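To start, the structure itself, in structure tokens.
Computed from the coordinates by the stated procedures, all read-outs in this text should not be read as laboratory data. From a predicted model like this one, the values you see are computed outputs, not experimental measurements. No Cβ is skipped: glycine too gets one built from the backbone with ideal geometry, and neighbour counts run over all protein chains shown.
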Amino acid sequence: MIDLGAVRADTPGCHDLVYLDNAGSALPPAPVLREVQAHLRREAEIGGYRAASERADDLEAGYAVFAELLGCEPHEVAFTDSASRSWLAALDAIPLKPGDRVLVTEAEYHSNALALLHLGYQIEAIPSDESGAVDVQAMKGMLDERVKLVSLVHVPTNGGLVNPVREVAEAVHSVGALVLLDACQSIGQLPVNAAELGVDIVSGTGRKWLRGPRGTGVLVVRDQAGLRPRLIDGKAALWESPDKFTLSPGAKGFELWEYGVAERLGLIAAARYAMSLGIEEIAATVSGRAAHTRSLLAEIPGVTVHDLGRQLSGIVSFDVAGRPAEEVRDRLWERAVAVSVTYATSTQYDMTRRGLDRLVRASPHYYVSDEQIAQFAAAVTEAP
Ligand SMILES: *Cc1c(COP(=O)(O)O)cnc(C)c1O
């Protein structure tokens, strides 16, 4: 069981706010804040290079921390500055040729879909089943040897469900294609074990459920993917003589040399913090908070919860009859309740299919108390 008093005491922002935007950018806990602030101070005292070398062991340990968190080997981990950067770096390394097919799910996130569309790929959206999750049977019917990549969103940004991953990965591997798991909304909320899930590539961000600093991301490129980075800098290779260089092994080549060291240290602290609470514990607690949120919303006249799926995530999406989503968000903010709005432009396939344009999104983390969720529901009821 998560000790609510302890995690709330560790969360400076959670007392004055009912913070329900963890799918956007969660409130970092005190150990993350301390790490970032201390390192920025140290950079000001002795300079960025020396400050980083003082923490070299801790920075290197970050690969093992994330390997444990994400079920892979330390050399399969790369740190980036966002989930999209991770996703793009992986895509860039996949040798796609004209005629190759790329499948996505209806939950596909705009940045991923846009990158593929901009490059001119024919992308095909796998239909959803009656529960709203990816239809694995339908996907099997679409798979052939020309499919080279399947992009799977674990938890959609616009609410509701958790997609099945292992079944998808097994089927996709039977035709020799790669599975790229967008775990942006699942890392820090749910167990994400690359080996157990059987995926080849995982992308994620620091600032969402993991509660890390902004401007941080992670990429897992498993050895089985057989990918080497294409766009590299001095981090990825050693320039040994004017016409000779050697690419370093492992996923580190997907990183660039320069990065925010304070933020990286904060990200590592966030992962350690999550693992110290226990990812299974976090998942169970978030699931309970979200169920409570959905059940209180269901009692409010005019409110419709739009979540789909057999397994539900910590992201609760809803609308209020006759009230624009932005107005609901802004009225709630006046009552110290933070929620966000999710738009069809972020998840076109899914929102268009469901005839939805925008929804209010409430994403309670484990540090939000049941009393605060009740406060949120009362604010939704009262807000004019
Ligand atoms: C937020 C989000 C992303 C992008 O993450 P960034 O860190 O902003 O690049 C990708 N996929 C999903 C499902 C998301 O919710």
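Count neighbours as other Cβ atoms within 10 Å of each site's Cβ, and list the GluC sites (Glu not before Pro) in region 279-384 that are DSSP loop with at most 13 such neighbours.
Numbers: sites: GLU280, GLU281, GLU299, GLU326, GLU327, GLU334, GLU371, GLU382; in loops: GLU299.
Passing both the DSSP loop test and the Cβ count: GLU299.
Using 7 Å Cα-to-Cβ label points, what is the LEU114/SER131 separation (nm, one decimal)?
3.2
Suppose each label sits 7 Å from its Cα in the direction of the beta carbon; what would the LEU247-SER276 distance come out to in nanometres?
3.9
Whole Å is fine, so just give me how far the alpha carbon centre of region 268-288 lies from that of region 187-239.
19
Tell me, MET275, MET351, MET142, MET1 in order of fewest to most beta-carbon neighbours within 10 Å?
MET1, MET275, MET142, MET351
Write out the chymotrypsin sites (Phe, Trp or Tyr not before Pro) in region 248-323 meeting two conditions: DSSP loop, and at most 10 other Cβ atoms within 10 Å of their Cβ.
On the way: sites: PHE254, TRP257, TYR259, TYR273, PHE318; in loops: TRP257, TYR259.
In loop regions of region 248-323 (DSSP not H, G, I, E or B), the sparsely surrounded chymotrypsin sites (Phe, Trp or Tyr not before Pro) are TRP257.
With a point put 7 Å past each Cα toward its Cβ, work out how far ALA195 is from GLN224 in nm, to one decimal.
Once both label points are built, they end up 1.1 nm from each other.
For region 27-38, just list the computed ³J(HN,Hα) in residue order, Karplus coefficients 6.51, -1.76 and 1.60, θ = phi - 60°, integers in Hz, with x standing in for Gly and Pro.
Each residue's phi maps through the Karplus curve to give 7, x, x, 3, x, 5, 4, 4, 4, 5, 5, 5 Hz.
Using Stokes-Einstein with the Kirkwood hydrodynamic radius over Cα pairs, what translational diffusion coefficient do you get for region 19-101 at 37 °C and a viscosity of 0.692 mPa s, in µm²/s rounded to a whole number? Could you put the intermediate results ahead of the total?
On the way: Rh = 16.0 Å.
The diffusion coefficient I find is 205 µm²/s.
Under the definition of Cα pairs under 8 Å and six or more residues apart, what whole-number percent is the relative contact order of region 305-384? The partial results should precede the final answer.
Working: 82 pairs, mean separation 26.6, N = 80.
Relative contact order here is 33 percent.
Which whole number of Å³ per residue matches the convex hull of the alpha-carbon atoms in the chain?
It comes to 142 Å³ per residue, whole-number rounded.
How large is Rg/Rh for region 7-60, to two decimals, with Cα atoms and a Kirkwood Rh? Please list the in-between numbers first.
Details: Rg = 14.7 Å, Rh = 13.0 Å.
Here the Rg-to-Rh quotient is 1.13.
About its Cα centre, how strong a charge dipole does the chain have in debye, to the nearest 20, once Lys and Arg get +1 and Asp and Glu get -1 at the Cβ? Mind showing how you got there, number by number?
Numbers: 36 positive and 51 negative charges, 85 e Å.
Roughly 400 debye, rounded to the nearest 20.
Pop out the ³J(HN,Hα) list for region 199-206 in order, Karplus 6.51 cos²θ - 1.76 cosθ + 1.60 with θ = phi - 60°, rounded to Hz; leave Gly and Pro as x.
Per-residue couplings from phi come out as 8, 8, 9, 10, 10, x, 10, x Hz.
Please list log₁₀ I(q)/I(0) at q = 0.12, 0.20, 0.25 Å⁻¹ for region 215-311, using the Debye equation with identical point scatterers on the alpha-carbon positions.
So the normalised log intensities are -0.70, -1.06, -1.24.
Can you give the extra length, in nm with one decimal, that the chain gains between SER295 and THR345 once fully stretched, where that is 0.36 nm per residue apart less the Cα-Cα distance? Walk me through the numbers on the way to the answer.
On the way: separation 50, 0.36 × 50 = 18.00 nm, distance 2.77 nm.
Separation in residues times 0.36 nm, less the Cα-Cα distance, equals 15.2 nm.
How would you rank ARG289, ARG222, ARG166, going from fewest to most other Cβ atoms within 10 Å of each one's own Cβ?
Working: ARG289 25, ARG222 21, ARG166 11.
Sorted ascending by nearby Cβ count, the order is ARG166, ARG222, ARG289.
Below 16 Å Cα-Cα, how many Lys pairs turn up in the chain? Only count pairs eight or more apart in sequence, or on different chains, if you could.
Details: LYS97/LYS148; LYS140/LYS148; LYS235/LYS244; LYS235/LYS252.
Lysine pairs satisfying the spacing and distance rule in the chain number 4.
Tabulate in residue order the Karplus-calculated ³J(HN,Hα) for region 214-231, using 6.51 cos²θ - 1.76 cosθ + 1.60 with θ = phi - 60°, rounded to whole Hz; enter x for Gly and Pro.
Karplus values, whole Hz, x for Gly and Pro: 5, x, 10, x, 9, 9, 10, 10, 6, 3, 4, 6, x, 9, 10, x, 9, 8.
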